Amino acid sequence: MPEPRVAVLISGRGSNMEALIKAAQAEAFPARVVLVISNNENAAGLEIARGLGVEALAIPARPFGRDREAHERAIDAVLVARKIEIVCLAGYMRLLTPYLVNRWAGRMLNIHPSLLPAYPGVDTHARVLAAGEAAHGCTVHLVTEEMDAGPVLAQARVEVLPGDSEETLAARVLAQEHRLYPAALAALARKIRLPEPGA
């Protein structure tokens, strides 16, 4: 059975996108990243993806004004046309509407820089340091309508060290993100490839 075809949605450089593409280029990896889409035509990650041999498209949100669902319908049309089976969010800085979330329910992943359900939303490294937490980390989860609240697929913990700044802590968490996200994608891809019972 062919490997599931994966698209990655980005808004900026997309370092997790790059980690996913490189991992998926290994012969044994059970999925293939074949498409990158950005809502920002100037996203540096588009050229990075093209340099790694992956089709990369910008579908800017600006022409759609406040109609977020119309923008997502344009993205979804491209995903369907490219026969995508799994969507990974990698620094995609737009809140999704129920339309796209429900279209890809169970097949859309996100990575978040905290040990969810703790610290959903933004500025997680600063909030963890301000709270005096002993541990931090990252989470890969399925995307649902509630932000950062979908079922957890995988987590990696990072010890908070004395003297950590936001930058030093973020760098250690990011290193774990680059390891964790491909592993979680691989695990989901293997499940998706399983035949239906009785098939």
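The values are calculated or read from the model by the stated rules, or taken from the named source; none is laboratory data. Just so it is clear, the model here is predicted, and its values are computed rather than measured. Cβ sites come from the backbone with ideal geometry, for glycine too, and all protein chains shown count toward neighbours.
Some observations on this one:
- Residues that are surrounded by 15 or more Cβ atoms within 10 Å (Cβ to Cβ) and either of a type in the set (Gly, Ala, Ser) or out of contact with any Pro (no Cβ under 6 Å at 6 or more places or on another chain) (or both), drawn from region 83-98: 84, 87, 88, 89, 90, 91, 92, 94, 96, 97
- All positions within region 13-32 that are within 25 Å of residue 73 (Cβ to Cβ) and at pLDDT below 95: 14
- Filter result (surrounded by 12 or more Cβ atoms within 10 Å (Cβ to Cβ) and at positive phi) within region 124-147: 137
- Residue within region 39-47 that is within 24 Å of residue 101 (Cβ to Cβ) and of a type in the set (S, T, N, Q) present: yes
- Residues considered: 170, 126. Of these, the only one that is hydrophobic (A, V, I, L, M, F, W, C) and within 20 Å of residue 10 (Cα to Cα) is 170.
- Within region 148-188, if we keep just the residues that are of a type in the set (A, V, I, L, M) and part of a strand (DSSP E or B), the residue that is surrounded by the fewest Cβ atoms within 10 Å (Cβ to Cβ) turns out to be 152.
- Residue in region 124-147 that is part of a loop (DSSP other than H, G, I, E, B), in contact with a strand residue (DSSP E or B) (Cβ under 6 Å, 6 or more places away or on another chain) and either under 30 Å from residue 100 (Cα atoms) or of a type in the set (Phe, Trp, Tyr) (or both) present: yes
Table: residues versus (1) out of contact with any helix residue (DSSP H, G or I) (no Cβ under 9 Å at 6 or more places or on another chain); (2) loosely packed, with under 14 Cβ neighbours inside 10 Å; (3) β-branched (Val, Ile, Thr).
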{"position": "25", "(1), (2), (3)": "yes, yes, no"}
{"position": "30", "(1), (2), (3)": "no, no, no"}
{"position": "36", "(1), (2), (3)": "no, no, yes"}
{"position": "40", "(1), (2), (3)": "no, no, no"}
{"position": "46", "(1), (2), (3)": "yes, no, no"}
{"position": "59", "(1), (2), (3)": "no, no, yes"}
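- Output for region 99-157, where each listed residue is of a type in the set (Gly, Ala, Ser) and under 12 Å from the mean Cα position of the chain (by Cα): none
- Selection status of residue 120, in contact with an Asp or Glu (Cβ under 7 Å, 6 or more places away or on another chain) and outside any helix (DSSP H, G or I): yes
- Within region 1-32, tally of residues that are over 21 Å from residue 71 (Cα atoms) and part of a strand (DSSP E or B): 2
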